[in-house]
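Novice: Structure below; questions to follow.
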Amino acid sequence: MHIVVCVKQVPNTTQVRINPETNTLVRDGVESILNPFDENALEMALQLKEKHPGTKVTVLTMGPPQAAEVLKEAVGRGADAVVLLCDRAFAGSDTWATSYALSTAIRKMEPADLVLFGKQAIDGDTAQVGPGVADWLGIPCVAYARKIEVADGKAVVERNFEDGYEKLDVALPCALTVLKEANVPRMASLRGKMAAKKLVIAPMTAEAVGADPAKLGLNASPTRVVKIFSPPPKTGGVKWQGEEPAVLAQRLADLLRERKLI
Amino acid sequence: MGLKIDLDLCTGCGACVAVCPFCALAQRAADGKVEVNEACTACGACLETCPVGALSMEVAEKKADAAALDAFRGLWVFAEQRGGKVQEVAYELLGEGRVLADKLGVELCAVLLGHQIGNCAATLFEHGADKVYVVDHPALEKYTAEPYSEAMSALIKKYKPEVVLAGATSMGRGFIARVAIQVNAGLTADCTELGVDVDKRLLLQTRPAFGGNIMACIVCPDHRPQMATVRPKVFKQPAPTAGRTGQLVAEKLDLKDPVVKVLETVNAMQNEVNVAGAEFIVTGGRGVGGPENFKLLAELAEALGGAAIGASRAAVDAGWISSFHQVGQTGKTVRPKIYVACGVSGQIQHLVGMNSSDTIIAINKDPDAPIFGVADVGIVGDLFQVVPELVKALKK
Amino acid sequence: MSELNYGLSELALEIRAMVREFAESRVKPVRAELDETGHFPTEILRELGKMDLMGLYIPAEYGGTFEGDSMPNLIAVEELSRICIGVSVSFAANGLGADPILIGASDEQKKKFLPPLASGEKWAAYALTEPNAGSDAGSIRTTAVKKGDKYVLNGTKQWITNGGEADIYTVFAVTDKNRGARGVSCFIVEKGTPGFKFGKKENKLGIRASATRELIFEDCEVPAANLIGREGTGFIWAMKTFDVSRPGIAAQAVGLAQGALDEAVLYAKVREQFGKPIIANQGLSWMLADMATKVETARALTYATVQSIDRGAKDYSKFSAMCKVYASDVAMQVTTDAVQVFGGYGYMKEYPVEKMMRDAKILQIYEGTNQIQRDIIGLALNKEYGAVAKK
C-alpha cells in the first residue's frame, strides 16, 4: 500500500499574541511547527504501515524551503519518502490553487492508495484542501475521519458529525481528513532523527511536477484577501457591580452578541 | 504579480517583517533588506507599515468577461438536512441570505438534496426562501461527499447562482470544497461575517484566521459563484412566516452510484458535552452550594447553545458533580471561546486550567475574588440572581 | 536557562531534548494517576522502545546505540526522573538487569538476550535481594543445583524492580554453599520458565508506578547455557554491576531534585503573600539558592564519575558510591524543602512536590543504602591511605 500524507508547516498560533498598543500581531518567538492535525494524519499512516507490512508512507508539503523541517520531522517519526513542493510560482495560492498543486505532485508519484490530510491547518483553518485535492485526483474523500481499517483493497472509516459518527465503506484509493481524536501522534525515534539530519531534500518545482502554470499561485486563485485586521481587542478586566442583576445580565448578553461570541 | 519590494528604497528596517501574519518576509543576511518567500498570500498587511514606500502589490488585472459574470444571478443557500430534518444552520443562512439577496436585488434560493425528504421545502419557504431546488435521488439518501458535490455542481452549472452559502459543518465543509473545484469557483471557509459590495456585486467574506488572532476579509472578484461556508450560530434564525411559499423546482439528475457507502450511523454524543475541547463552558464552584444547583448552570449552558458544564475542585470534592467535569491543575485544561465561572473564587490551581480561554466571564458575590483578576467581564453579584436573568436575556 | 558546560556530545544533547519533551508530554500528564493507582507505565516504556531509547547502553553490535559514551543513557534517566522517578526506575531497571549480561556474559549469550532488550521488545530485571539478604548480599539463600545440562533453582527473591513485568531476569543463586560469596553464580532466567512465579505487587511509599515483586523459584529448571561466566563468579558480576549502576541512581536523584527545584522556584515567583511574591523574601530565596547549588553539585559529581568511567578509570567504586550517596541525600533535602516552599499546598496531592518527597526516600535506600555507600567510601579511604602511609 502507498500512503501519501499531505502536511503543512504553520506558525504555532497558540503562541501568537496581539500587541494591545499597535493592535498588530506579535510574532516574535513564535516557532514554526508541523500542523498539529497533520500529525494525526501521519500517525494514522504510520499505524497502517505497522499493521500492513510493505506499506510505503510518503509525506508531501508545499511551502518555502524552510518547510523541509516538517518533512524531516516526518522522517524522524518513520516516513519513508518526502516531497517538498517549492516554487515561487505557488506563492499566494488559495485553497483552490493549493489543492491543484498538491494533486499534480501526487500524480507524479507511484499510485497512492490513501491520501491523508489533517482536519485543517491551524493558521488558515479552512479544511478545504483535503477535499479539494481529492476532487482534482478524482477520488472519494471522507472528511473528519477518526478511525480507519484497511482490508482487501477497501477501507472501513468512521467519520464524525456534530452529534455522532458514521461508519463508512470506502473503496481505495481515497482521501481522508483526520481528526485529532484518531490517535496520539508518536514522537520521532532516535534513529529516525539521525536519518533526518543527514537527509538532503531537493525541492520539486512546478515544472518538475508538470503543473499547468495557469492554475498556480495568486493569479490562479479565485479568492483575494482584501483586508487583514485584528479583532476588537479584549476590553479586559471590566467589573460591573452595584446594579440590578437583570440590568447586568442584559448588558452582558448584549456584549456577547455585539462581539459575535454567541 | 504579488508583493513587489523595491530594494533600492528598502532600508532594512524590518518593520514589515514583524507584521506579516504568514512569516513570508525575512531580512537577507547580507544587507538586511527584505525578501518575500512562498508563504506570501498577498494579503497586503505589510504595505502600510513600510516607512519608505518600498512595498507594493502587483495584481494582474484579469479582464474577467463581465458578460459571463453577469450571467450569474441569485443567492443560494445549501439547506443541510439530516434524516429529513433541516438543520438550524440552514435557517440562519436564509436569514442572512435574505438581507444580502435584497441588497443585491436577487432571489433567495435554497438547495435541498436528499431522498424522500418530505416537506422540508415548506419550512425553507417559511424561513425566507423564494425558490427551492430539490434533488430527490436514491444516491443522496445518506450524505456522502461525492454524489452531493455532483448534484450541487450540476445545479450550479445549470442555474448559475451568483453566491452559494453553506453551513461550516461536517457536511458543509466536507463536500462544498469539491464543488468549488468542479465549478471553478472561489470558496471562503468558516465565515463569521458577510456583506456585499453592491456596485461590484462582490460578497465580502470575513473570517478569523491564525487561531482567531486576525480577521481577514476575502472577496472573489473574477469567478462565479462566490462561495462561502458560514460558522453555525453566527447569524440569527429568522422567525418563520407561516404559510409563506414560493417556487419549487424539482430537478431530475442522473447521478452516479455513491462510491462511499454508509454502513451505520451512531448518535453517540447525545449525552452531555465534554469540557475538553468545548467551545463554551459554564463552570460552577463552591458558590453553587449544592448538586441540585448545577441545574441552574445547565440552563445557562443551554441558553448559550449547548455549553459544557465545568466544575472547580471545590465543587468536585464536595461530591456535587463528577470529577469528569473538573477544570484546573488536577482536572482538565480548557480553552473555550467563552468561559463562564459561576461562584468560582479563582484559586491558582483553577486558573491554570482555564486562563487562556478567549473570553472569561466571572459571576461572584465577593468583589475581591481572584477570579476577577483574569475575567474579561466580571459581575459582582449573587449567581442565583444573575444567572437566571442571564438565561432570560440570552433567550430573548 | 544558564547551564554548566559538561562537554556533552551531540548525541547526549539530542537525547536530552528528546527525553525532556517526552517526559513533559507523555509522563507529566499521567504521573499523579500512576502514583495514585500504582499502575505500571507499560505504554510509556513501549513508546520509549519505539523511540530507540531502550538501547542507549547496549552496543550497536547487539542492537543498541552505545558507542562508548554513557552520558546519553544517564541523561535519559535524569530527564525522566525530573518528571517521575516511578517511571524512570522502571526504565533504568532494564539496564540494571542487563548489566550482568553486558559485563559477564559470552558473545553468544549477548547476541541472544541483548537485541530484544535494545529494541524495547523485552524488558529486564535484576534479582539479587532476598528477605534475609539485603545489604549483606553475600548471604543469599536461593540455590542452584546442576542437573545434567540444567540448573535447578529454588528460593525467593524480594523487592525486585520490574518483577513480573520484565521478560529477562538476571538471578543470583548459590551454587556452592561452602564458599560464601564466592559460591554465588548468576543465571539468566526467562519469564514463563516452569517453576518461576511472582508474588504480589508491593504497596510502597513512593515510586508507586514501578513494579516491585517477589520472584519465587520452585524447582525451576534453567538451561546451563544461561549461566553467566563460570560458577562462583556471580558476586563479581553483582558488585561490578553496582559500580556502574550507582551513578544511575545518582542521575535519578539529580533529575528528581531538579524537578522539585523547578516546581519550587516557579511557585515562589507566582505565590503572593503580603502583597509580593514569596521569592522576594530573602529567607526563601536563600533556601532556593541552597537547593539549586546542591542540585548542580550533585550533577557535577555524577557526570564526572560517569565520564571518568568512560575514559577508562580502573578504580571507581568510591566515586560511584560518592555520587549515589551525595545526590540521593540532596534529592531528599531538596524535595523536602520544595514541600516547605509550597507551604500547605505542598502537602496536598494537587501539587507534585509531596510525591517527589515520598519518591526521594527510596534513593537513599536501594542499590545499597547510603550507610553501605559510606562504608564503601570509608573502606576505600582506609585502603588508599594505607598505601600512602606505607611509603
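Novice: Among all residue pairs at least 6 apart or on different chains, which show Cβ distances below 7 Å where the first residue, located in the stretch A:74-94, is away from chain B (no Cβ under 14 Å) and on the phi < 0 side of the Ramachandran plot and the second is of a type outside the set (Asp, Glu) and in a loop (DSSP other than H, G, I, E, B)?
Specialist: Note: pairs meeting the criteria are A:VAL75/A:LEU199; A:GLY76/A:ALA188; A:GLY76/A:SER189; A:ARG77/A:ARG186; A:ARG77/A:ALA188; A:VAL82/A:ILE201.
Novice: Looking at the stretch B:79-96, which of its residues are in a loop (DSSP other than H, G, I, E, B) and either surrounded by 12 or more Cβ atoms within 10 Å (Cβ to Cβ) or not assigned by TED's automatic domain parsing to the domain that holds B:CYS191 (or both)?
Specialist: Kept after step one, since they are in a loop (DSSP other than H, G, I, E, B), are these residues of the stretch B:79-96: B:79-80, B:83-84, B:87.
Across the stretch B:79-96, the qualifying residues are B:ALA79, B:GLU80, B:GLY84, B:GLN87.
Novice: On to the next question. Counting just the residues of the stretch C:349-391 that are part of a helix (DSSP H, G or I) and of a type in the set (S, T, N, Q), which one comes out farthest from C:LEU284 (Cα to Cα)? Outline the logic, then answer.
Specialist: First, pick out the residues of the stretch C:349-391 that are part of a helix (DSSP H, G or I): C:353-363, C:370-390.
Retained after the next criterion (residues that are of a type in the set (S, T, N, Q)): C:370-371, C:373, C:382.
Numbers: C:ASN370: 29, C:GLN371: 31, C:GLN373: 32, C:ASN382: 41 Å.
Out of the qualifying residues, it is C:ASN382.
Novice: I'd like to check something: does the stretch B:318-338 contain any residue that is part of a helix (DSSP H, G or I), modelled with pLDDT of 90 or more and outside the structural domain of B:PHE235 (by TED's automatic domain parsing)? Let's see the steps before the verdict.
Specialist: Of all residues in the stretch B:318-338, those part of a helix (DSSP H, G or I) come to B:323-325.
From what's left, modelled with pLDDT of 90 or more: none.
No, the stretch B:318-338 contains no residue that is part of a helix (DSSP H, G or I), modelled with pLDDT of 90 or more and outside the structural domain of B:PHE235 (by TED's automatic domain parsing).
Novice: Right, here's the next one. Does any residue of the stretch B:207-221 turn out to be assigned to a strand (DSSP E or B) and of a type in the set (D, E, K, R)? Before the answer, list the steps.
Specialist: Going through the stretch B:207-221, the residues assigned to a strand (DSSP E or B) turn out to be B:207-209, B:214-219.
Narrowing further to those that are of a type in the set (D, E, K, R): B:207.
Checked the stretch B:207-221: at least one residue is assigned to a strand (DSSP E or B) and of a type in the set (D, E, K, R).
Novice: Kindly indicate which of B:THR49, B:THR41 is surrounded by 15 or more Cβ atoms within 10 Å (Cβ to Cβ), among the hydroxyl-bearing types (Ser, Thr, Tyr) and farther than 19 Å from A:ALA220 by Cβ.
Specialist: Values: B:THR41 fails: farther than 19 Å from A:ALA220 by Cβ.
Being surrounded by 15 or more Cβ atoms within 10 Å (Cβ to Cβ), among the hydroxyl-bearing types (Ser, Thr, Tyr) and farther than 19 Å from A:ALA220 by Cβ holds for just one of B:THR49, B:THR41, which is B:THR49.
Novice: Taking into account only those residues within the stretch A:185-218 that are within 30 Å of A:LYS147 (Cα to Cα) and not small (Gly, Ala, Ser), which is nearest to the chain's Cα centre (by Cα)? Quick ask: steps written out before the conclusion?
Specialist: Filtering the stretch A:185-218 down to residues within 30 Å of A:LYS147 (Cα to Cα) leaves A:185-193, A:195-196.
Those left that are additionally not small (Gly, Ala, Ser): A:185-187, A:190-191, A:193.
Details: A:PRO185: 14, A:ARG186: 17, A:MET187: 18, A:LEU190: 25, A:ARG191: 26, A:LYS193: 22 Å.
Looking at the filtered set, the residue picked out is A:PRO185.
Novice: Could you check the stretch C:253-272 and list, in sequence order, the residues that are of a type in the set (A, V, I, L, M) and surrounded by fewer than 21 Cβ atoms within 10 Å (Cβ to Cβ)?
Specialist: Taking the stretch C:253-272 as the starting set, the residues that turn out to be of a type in the set (A, V, I, L, M) are C:253-254, C:256-257, C:260-261, C:264-266, C:268, C:270.
The answer is C:VAL265, C:LEU266, C:ALA268, C:VAL270.
Novice: Among the residues of the stretch B:376-385, is any away from chain A (no Cβ under 13 Å), more than 30 Å from B:PRO238 (Cα to Cα) and part of a helix (DSSP H, G or I)? So that I can check it myself, show each step before the final result.
Specialist: Quick first cut of the stretch B:376-385, residues away from chain A (no Cβ under 13 Å) only: none.
No, because not a single residue in the stretch B:376-385 is away from chain A (no Cβ under 13 Å), more than 30 Å from B:PRO238 (Cα to Cα) and part of a helix (DSSP H, G or I).
Novice: Follow-up. Of all residues being under 10 Å from A:ALA145 (Cα atoms) and touching a Lys or Arg at 6+ places or on another chain (Cβ under 7 Å) in the stretch A:169-179, which is farthest from the other protein chains (Cβ to nearest Cβ)? Just the residue, please.
Specialist: Among those that are under 10 Å from A:ALA145 (Cα atoms) and touching a Lys or Arg at 6+ places or on another chain (Cβ under 7 Å), it is A:VAL178.
Novice: Restricting to the stretch A:112-165, count the residues that are more than 10 Å from chain B (Cβ to nearest Cβ) and acidic (Asp, Glu).
Specialist: Of the residues in that region, 3 qualify.
Novice: For A:SER99, work out the one condition from (1) facing chain B (nearest Cβ under 9 Å); (2) on the phi > 0 side of the Ramachandran plot it doesn't fulfil.
Specialist: Result: A:SER99 fails condition (2) only.
Novice: Is the stretch C:7-17 home to any residue that is open to solvent by less than 20 Å² (accessible area, probe 1.4 Å), in contact with a Pro (Cβ under 9 Å, 6 or more places away or on another chain) and within 29 Å of C:GLY164 (Cα to Cα)?
Specialist: Start the filter on the stretch C:7-17 by keeping residues that are open to solvent by less than 20 Å² (accessible area, probe 1.4 Å), which leaves C:12, C:15.
Next, only the ones that are in contact with a Pro (Cβ under 9 Å, 6 or more places away or on another chain) stay: C:12, C:15.
Then keep just the ones that are within 29 Å of C:GLY164 (Cα to Cα); that gives C:15.
Yes, the stretch C:7-17 has at least one match.
Novice: Can you work out which of the residues in the stretch B:277-312 that are within 14 Å of chain A (Cβ to nearest Cβ) and either touching a Cys at 6+ places or on another chain (Cβ under 9 Å) or open to solvent by 50 Å² or more (accessible area, probe 1.4 Å) (or both) is modelled with the lowest pLDDT?
Specialist: Ranking the qualifying residues of the stretch B:277-312, first place goes to B:GLY277.
Novice: Also, I was wondering about something else. Which residue out of B:VAL134, B:VAL111, B:VAL106, B:VAL99 is touching a strand residue (DSSP E or B) at 6+ places or on another chain (Cβ under 9 Å), modelled with pLDDT of 95 or more and open to solvent by less than 10 Å² (accessible area, probe 1.4 Å)?
Specialist: Details: B:VAL134 fails: open to solvent by less than 10 Å² (accessible area, probe 1.4 Å); B:VAL106 fails: open to solvent by less than 10 Å² (accessible area, probe 1.4 Å); B:VAL99 fails: open to solvent by less than 10 Å² (accessible area, probe 1.4 Å).
Within the list B:VAL134, B:VAL111, B:VAL106, B:VAL99, the selection yields B:VAL111.
Novice: Is it the case that the stretch B:159-166 has a residue that's open to solvent by less than 10 Å² (accessible area, probe 1.4 Å), in a helix (DSSP H, G or I) and at pLDDT 95 or above?
Specialist: First, the residues of the stretch B:159-166 that are open to solvent by less than 10 Å² (accessible area, probe 1.4 Å): B:161-166.
Next, from what is left, pick out any that are in a helix (DSSP H, G or I): none.
Scanning the stretch B:159-166, I find no residue that is open to solvent by less than 10 Å² (accessible area, probe 1.4 Å), in a helix (DSSP H, G or I) and at pLDDT 95 or above, so the answer is no.
Novice: Check off (1) within 17 Å of C:SER81 (Cα to Cα); (2) of a type in the set (Phe, Trp, Tyr); (3) modelled with pLDDT under 95 for C:TYR326 and give me the number that stays unchecked.
Specialist: (3)
Novice: Given the stretch C:95-184, what strands (runs of 3 or more DSSP E) lie entirely inside it while holding 2 or more residues that are open to solvent by 40 Å² or more (accessible area, probe 1.4 Å), modelled with pLDDT of 95 or more and touching a Pro at 6+ places or on another chain (Cβ under 7 Å)?
Specialist: Values: elements: C:124-127, C:143-147, C:150-161, C:168-174.
It comes to C:150-161.
Novice: Follow-up. Please specify each residue of the stretch A:186-200 satisfying the condition of being more than 8 Å from chain C (Cβ to nearest Cβ), touching a helix residue (DSSP H, G or I) at 6+ places or on another chain (Cβ under 7 Å) and open to solvent by 30 Å² or more (accessible area, probe 1.4 Å).
Specialist: Passing the criteria: A:ALA195, A:LEU199.
Novice: Examine the stretch C:53-60 for a residue that is closer than 24 Å to C:SER308 by Cβ, modelled with pLDDT of 95 or more, more than 14 Å from chain A (Cβ to nearest Cβ) and open to solvent by 10 Å² or more (accessible area, probe 1.4 Å), and state whether such a residue exists.
Specialist: Initially, the stretch C:53-60 is screened for residues closer than 24 Å to C:SER308 by Cβ, giving C:55-60.
From what's left, modelled with pLDDT of 95 or more: C:55-60.
From what's left, more than 14 Å from chain A (Cβ to nearest Cβ): C:59.
This time we only want the ones that are open to solvent by 10 Å² or more (accessible area, probe 1.4 Å), so: C:59.
Yes, the stretch C:53-60 has at least one match.
Novice: Quick check on my filter: what residues within the stretch A:201-245 are in a loop (DSSP other than H, G, I, E, B), at pLDDT below 90 and within 9 Å of another protein chain (Cβ to nearest Cβ)? Explain how you work it out, then say what you get.
Specialist: So in the stretch A:201-245, the residues in a loop (DSSP other than H, G, I, E, B) come out as A:201-203, A:205-212, A:216, A:221-223, A:230-237, A:241-244.
So of that shortlist, the ones also at pLDDT below 90 come out as A:230-237, A:241-244.
A:SER230, A:PRO231, A:LYS234, A:THR235, A:GLY236, A:GLY237, A:GLN241, A:GLY242, A:GLU243, A:GLU244 - these are the residues of the stretch A:201-245 that are in a loop (DSSP other than H, G, I, E, B), at pLDDT below 90 and within 9 Å of another protein chain (Cβ to nearest Cβ).
Novice: From the residues in the stretch B:27-58 that are facing chain A (nearest Cβ under 9 Å) and over 29 Å from the mean Cα position of the chain (by Cα), which one is farthest from A:PHE90 (Cα to Cα)? Please lay out each step first, then the result.
Specialist: Kept after step one, since they are facing chain A (nearest Cβ under 9 Å), are these residues of the stretch B:27-58: B:36-45, B:49.
Still in the running and over 29 Å from the mean Cα position of the chain (by Cα): B:36-37, B:49.
Values: B:VAL36: 13, B:ASN37: 10, B:THR49: 25 Å.
Once the filter is applied, the top-ranked residue is B:THR49.
Novice: What pairs can you find where one residue is in the stretch C:322-334 and of a type in the set (Asp, Glu), the other is part of a helix (DSSP H, G or I) and at pLDDT 95 or above, and their Cβ atoms are less than 9 Å apart, with a gap of 6+ or different chains?
Specialist: From the stretch C:322-334, the pairs are C:ASP329/C:ALA253; C:ASP329/C:LYS294; C:ASP329/C:ALA298; C:ASP329/C:LEU363; C:ASP329/C:ASN370.
Okay, residues lined up against (1) modelled with pLDDT of 90 or more; (2) open to solvent by 20 Å² or more (accessible area, probe 1.4 Å); (3) over 30 Å from B:ASP199 (Cα atoms); (4) outside any strand (DSSP E or B):
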{"residue": "B:GLY32", "(1), (2), (3), (4)": "no, no, yes, yes"}
{"residue": "B:GLU61", "(1), (2), (3), (4)": "no, yes, no, yes"}
{"residue": "B:LEU69", "(1), (2), (3), (4)": "no, yes, no, yes"}
{"residue": "B:VAL77", "(1), (2), (3), (4)": "yes, no, no, no"}
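Novice: Suppose we filter C:GLY64, C:GLY49 for residues that are surrounded by fewer than 24 Cβ atoms within 10 Å (Cβ to Cβ), within 14 Å of chain A (Cβ to nearest Cβ) and either assigned to a strand (DSSP E or B) or out of contact with any helix residue (DSSP H, G or I) (no Cβ under 8 Å at 6 or more places or on another chain) (or both); which single one remains?
Specialist: Details: C:GLY64 fails: either assigned to a strand (DSSP E or B) or out of contact with any helix residue (DSSP H, G or I) (no Cβ under 8 Å at 6 or more places or on another chain) (or both).
From the options C:GLY64, C:GLY49, the qualifying one is C:GLY49.
Novice: Within the stretch B:182-197, take every residue that is among the aliphatic types (A, V, I, L, M) and buried (at least 24 other Cβ atoms within 10 Å of the Cβ) and give me the one that is nearest to the other protein chains (Cβ to nearest Cβ).
Specialist: B:ALA189
The values are calculated or read from the model by the stated rules, or taken from the named source; none is laboratory data. These figures come from a predicted structure and were not determined experimentally. Methodologically, a virtual Cβ is constructed for each residue, glycine included, from the backbone with ideal geometry; neighbour enumeration extends over all protein chains shown. What goes into the accessible areas is simple: the full protein's heavy atoms, side chains included, and nothing from ligands, DNA or RNA. Shrake-Rupley method; radii C 1.70, N 1.55, O 1.52, S 1.80 Å.
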